[in-house]
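Data first, discussion second: the structure below is written as C-alpha cells.
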Amino acid sequence: MFDYEYITTDERLFSLISHLNELESIAVDFEEECNLHIYGEHISIIQIYDKTKFYIIDVLSENITNASLSALFSSEVEKIWFECHSDLSILFYKHGIKAKNVYDLRVLAKELGDMHGLDEVLFNFLGIRRTENKKKSQRENWMLRPIEEEMLTYALLDVKYLFDLKDSLIEECRAKKRLKNVEKAMKNISDVKEKKPGWTKICNVNQLTKRERIYLKNIFNYREAVARRFNTPSVNVLEKKCVLELAKLMPMEEKDVESYLSKKAPRRYLAFIIEAVNKAIDQSNSEIAALRQ
C-alpha cells in the first residue's frame, strides 16, 4: 500500500496547493462515477503524485468546495495526465472549472502510433505490467465511503508512473523528430468540447428520418428526467435500444405505448416511464405539426 494523505477539507487543500505551486509538475488523475451506480457523471476522488508523496482529494466531502478545486486546477504547475479529455469535461460541466497547463501523455503515445490505454502504454514503453483487476476496479462504486484500500491502491497506480512515462515518451518522440507535432497538439489540449445532447450519441441516429429524430430526442429526454428523479442510471429505467425502437414505432396509441413498455421497463419505474413517454409523444407531435405550418 502507498503512503498517501487523504484530503477532505478546503483548508488542507489550499495548504497543499501552496506546496504544489512550488513544483514544476504533478501527476493527476480522477476516479469517477459515470452512470454506473447512480444518475449522471460525478468526480469521486482526485489522485495527485508529486514525485515524493501521494495525495487523494475527496471531492465528495462536504468540506471540499469549488473554491479550492478551482484554485488547484487554475494553478500554473504542470499537470501531467494520461487521457485528460473525459476528466476535464466532467470537471467543467459538473463544477464549472477549466484546467490550466495540462500535459496529456496520450498525445505523445498517439504521435508514436500507440493508441492503447494506460496499462498497455506503460508496458510498451516502461516494461511495467500492472497486475490488479482493472475491470473490477472500474466497476466499483466510487461514490461509497469509506473507499476500500484495494481501490485506493488501484487509483494511485494511475499516477505513480506518469513522470517516468513522460520522460520515456518525450525521448522517443525526440528521437523520431515528433516533438513539434506534440507541442502543437498540446496547446489546446485542455479545451473542453461542447457537450452534445445524449440522444445524438445513440447508434444509427443519423439513419433516422427527421420525424423519428424528434421522437427520439423527446423520449430520450423524458427518460432522463425519470432517471434523475430516482437517481439511477438511465439504462435502469429504459435501455437505449428501446428508446430508439420507440422512436421508429411512432406514432402509437397510449394503450400500445403501455403494452410495449410493460414488457421492457422494470416494474418499479413502469408507471413513471409510461407517463414520461406519453408526454414526449405529445411534445413531439406538437413540434412536428409546427414544422408543417
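If you check residue 130 against the conditions, is it in contact (Cβ under 8 Å) with a residue 24 or more places away in the chain and either in a loop (DSSP other than H, G, I, E, B) or under 15 Å from the mean Cα position of the chain (by Cα) (or both)?
Judged against the criteria, residue 130 is a match.
Each row is one residue, and each column tells you yes or no for (1) of a type outside the set (Gly, Ala, Ser); (2) within 15 Å of residue 41 (Cβ to Cβ); (3) at pLDDT below 95; (4) in contact with a strand residue (DSSP E or B) (Cβ under 9 Å, 6 or more places away or on another chain).
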| position | (1), (2), (3), (4) |
| --- | --- |
| 187 | yes, no, yes, no |
| 193 | yes, yes, yes, no |
| 201 | yes, yes, yes, no |
| 208 | yes, no, no, no |
| 222 | yes, no, no, no |
| 236 | yes, no, no, no |
| 243 | yes, no, no, no |
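Scanning the range 134-166 for residues that are in contact with a helix residue (DSSP H, G or I) (Cβ under 7 Å, 6 or more places away or on another chain) and among the acidic types (Asp, Glu), which turns out modelled with the lowest pLDDT?
My answer is 140.
What is the residue count in the range 136-180 for residues that are open to solvent by 30 Å² or more (accessible area, probe 1.4 Å), farther than 17 Å from residue 3 by Cβ and not in a helix (DSSP H, G or I)?
Residues meeting the conditions: 11.
For the range 50-107: of the residues being among the aromatic types (Phe, Trp, Tyr) and under 28 Å from residue 149 (Cβ atoms), which is surrounded by the fewest Cβ atoms within 10 Å (Cβ to Cβ)?
Once the filter is applied, the top-ranked residue is 54.
Within the group 116, 42, which residue is in a strand (DSSP E or B) and open to solvent by 10 Å² or more (accessible area, probe 1.4 Å)?
After applying the criteria, what remains is 42.
State all residues of the range 181-223 that are open to solvent by 20 Å² or more (accessible area, probe 1.4 Å), aliphatic (A, V, I, L, M) and in contact with a Leu (Cβ under 6 Å, 6 or more places away or on another chain); if no residue qualifies, say none.
Within the range 181-223, just 192 meets the criteria.
Kindly provide the set of residues from the range 68-101 that are touching a helix residue (DSSP H, G or I) at 6+ places or on another chain (Cβ under 9 Å) and among the hydroxyl-bearing types (Ser, Thr, Tyr), ordered by number.
Matches in the range 68-101: 68, 70, 75.
The values are calculated or read from the model by the stated rules, or taken from the named source; none is laboratory data. This one's a predicted model, so the numbers in the text were calculated from it and none came from an experiment. As a convention, Cβ positions derive from the backbone with ideal geometry for all residues, glycine included, and neighbour counts pool all protein chains shown. Each accessible area value is taken on the protein alone, full model and side chains, heavy atoms only, with ligands, DNA and RNA left out. Shrake-Rupley method; radii C 1.70, N 1.55, O 1.52, S 1.80 Å.
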